[in-house]
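K.L.:
Structure below; questions to follow.
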Amino acid sequence: MSATTSIHGMWSNRLAFILAAAGSAVGLGNVWRFPYTAGEYGGGAFVLVYLLCVAAIGIPIMMAEILLGRRGRQSPINTMRTLALAEGKTPAWSLLGWMGILAGFMILSFYSVIAGWTLAYVVRAAGGAFTGIDAAGSQALFAGLTGDGERLLAWHTIFMVLCVLVVARGVASGLEKAVKWMMPALFLLLLVMVVYGAQTGDLGAAVRYLFEPDFGKLGSHAGEAILSAMGQAFFSLSLGMGAIMIYGSYLKSDASIMHNTVIIALLDTVVAMFAGLAIFPIVFAHGLEPGSGPGLVFITLPIAFGEMPGGGFFGGLFFLLLVFAAWTSGISLLEPVVAWLVENRGFSRVRAAVLAGGAVWLLGIACLLSLNRWSGYTLFGKGVLDLFDYVTANILLPLGGILIAVFAGWVLPRRVTQEELGMRDGVGYRIWRFLVRYVSPVAVALVLLNALGLLRAFGLG
Ligand code: TRP
């Protein structure tokens, strides 16, 4: 029999888990990354592929990740070792946990810099910087921030301190109460923004752009676009690095993994679609470029806020809620390594959080410098920040996802997964098992190989 509790603490109920996991999933990935990535690949066709990835790859892998975490009840590294040994398999499966730690460091280091932008924009909105601003003015305002290394460093530092503070306080006490009102509030404000966009912007154009798939637009970049849609699904659902695994390890044994997963994935997807419906009407109404990249949200929304009565207030509130969304995601990126430091190095939670947070903070400095002083140093045409983003979402997370799916689908016996999922051998279980054994790993592997140009090298493409 496996353990029924974690030494790190437990969620007090099912709702707390849903909110924490949704808090991890819903973040900058939905409101910042999704719209601009969809914009870069031309809209509808990308969105359709994204939704397919969430359904056929994301949901089964999220179920698998929660299952593994709850079965092992430790940090991803130790969970994988324990579960592998229990099946008489090599403890090298713990490498999955190590890869997750690496991915978590890389993601949080650039994530914190972007979260810093949202912090800066709270202050700007509240200070009335958006009032009457036009497209050019908004673009200049954004460039003024990313070009200023010292300012970026200050905001990045504040965000990392916020993350360390919460993680240092432990699983249940601080976080659980915070997510309970932050998540509904974010949702409500996003609705306000959608309504506003519909009234003042070009909603029709936005809906056509997002939901009318034009596969011609993917053109010669189809492989790259599909890879990015899949990477976005992993990133947005927080899959493939152990964040959802460790959150699952704090979930009580009687909660249904399938029901919770579907709710979390739905929430995450709805927020991403709403973000698109809030942003693109403004983009089209103001003649902005949907494919303008990472600045998209920070350039479009201020224009809307600047025209709105009470825009300083709503703008400040919106970016503040974006800060909270990023915050509840940031802590989930730190938690796996902190749990490992506590388990294996005997550190106190506080010491572990400070140490891990400090390491991420240092790495983040390289990310923020790549936006200004180091903008000349690139690899494959990307600076450090873009490179970390690309490599983690499009390579490390999908690789982690394959390993999770293979372990849950092929290494763990049918009986174990049925017991942990609390499912009988019915239709639901069979669909999950089929997806996690065949569909997810094969689809992810094909997309990865194709993007790396390897299918062609093997004469298959
Ligand atoms: N899902 C979050 C977002 O969309 C980011 C995130 C949090 C994440 N934890 C993660 C991404 C773990 C990958 C892995 O903003």
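The values are calculated or read from the model by the stated rules, or taken from the named source; none is laboratory data. Quantities reported herein were computed from a predicted structural model and do not represent experimental measurements. Every residue, glycine as well, gets a Cβ built from its backbone with ideal geometry; the counts of neighbours run over all protein chains shown.
K.L.:
Could you please let me know if Y390 is surrounded by 14 or more Cβ atoms within 10 Å (Cβ to Cβ) and more than 15 Å from I57 (Cβ to Cβ)?
P.N.:
Considered against the rule, which asks whether it is surrounded by 14 or more Cβ atoms within 10 Å (Cβ to Cβ) and more than 15 Å from I57 (Cβ to Cβ), Y390 comes out as yes.
K.L.:
If you don't mind, there's one more thing I want to ask. Modelled with pLDDT under 95 and either among the acidic types (D, E) or within 16 Å of the ligand (Cβ to nearest atom) (or both), is that true of V179?
P.N.:
Answer is yes for this residue.
K.L.:
Being farther than 15 Å from A233 by Cα and either crowded, with 24+ Cβ neighbours inside 10 Å or within 8 Å of the ligand (Cβ to nearest atom) (or both) is the filter here, so list the residues in the range 22-40 that pass it.
P.N.:
Selection gives G23 alone.
Residue-wise test of (1) among the charged types (D, E, K, R); (2) more than 16 Å from the ligand (Cβ to nearest atom); (3) part of a loop (DSSP other than H, G, I, E, B).
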| position | (1), (2), (3) |
| --- | --- |
| G204 | no, yes, no |
| E224 | yes, yes, no |
| M230 | no, no, no |
| G240 | no, no, yes |
| Y247 | no, no, no |
| K252 | yes, yes, yes |
| V262 | no, yes, no |
| V270 | no, no, no |
| P281 | no, yes, no |
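K.L.:
If you go through the range 324-340 one residue at a time, do you hit one that is at pLDDT below 90, out of contact with any Gly (no Cβ under 8 Å at 6 or more places or on another chain) and either closer than 30 Å to L48 by Cα or part of a helix (DSSP H, G or I) (or both)?
P.N.:
So far as the range 324-340 goes, yes, one or more of its residues are at pLDDT below 90, out of contact with any Gly (no Cβ under 8 Å at 6 or more places or on another chain) and either closer than 30 Å to L48 by Cα or part of a helix (DSSP H, G or I) (or both).
This table checks each residue for (1) in a helix (DSSP H, G or I); (2) among the hydrophobic types (A, V, I, L, M, F, W, C); (3) closer than 27 Å to E289 by Cα.
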position	(1), (2), (3)
G132	no, no, yes
Q139	yes, no, yes
W155	yes, yes, no
V167	yes, yes, no
V179	yes, yes, no
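K.L.:
Looking at the range 323-340, which of its residues are within 7 Å of the ligand (Cβ to nearest atom) and either without any contact (Cβ under 8 Å) to a residue 60 or more places away in the chain or polar (S, T, N, Q) (or both)?
P.N.:
S329, S332
K.L.:
Now for a separate question. Farther than 24 Å from G69 by Cα, buried (at least 23 other Cβ atoms within 10 Å of the Cβ) and within 12 Å of the ligand (Cβ to nearest atom): is that true of L397 in this structure?
P.N.:
Values: farther than 24 Å from G69 by Cα: no; buried (at least 23 other Cβ atoms within 10 Å of the Cβ): yes; within 12 Å of the ligand (Cβ to nearest atom): yes.
No, not satisfied.
Each row is one residue, and each column tells you yes or no for (1) of a type in the set (D, E, K, R); (2) away from the ligand (no atom under 16 Å from the Cβ).
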{"site": "L108", "(1), (2)": "no, no"}
{"site": "R124", "(1), (2)": "yes, yes"}
{"site": "G127", "(1), (2)": "no, yes"}
{"site": "G132", "(1), (2)": "no, yes"}
{"site": "A135", "(1), (2)": "no, yes"}
{"site": "T146", "(1), (2)": "no, yes"}
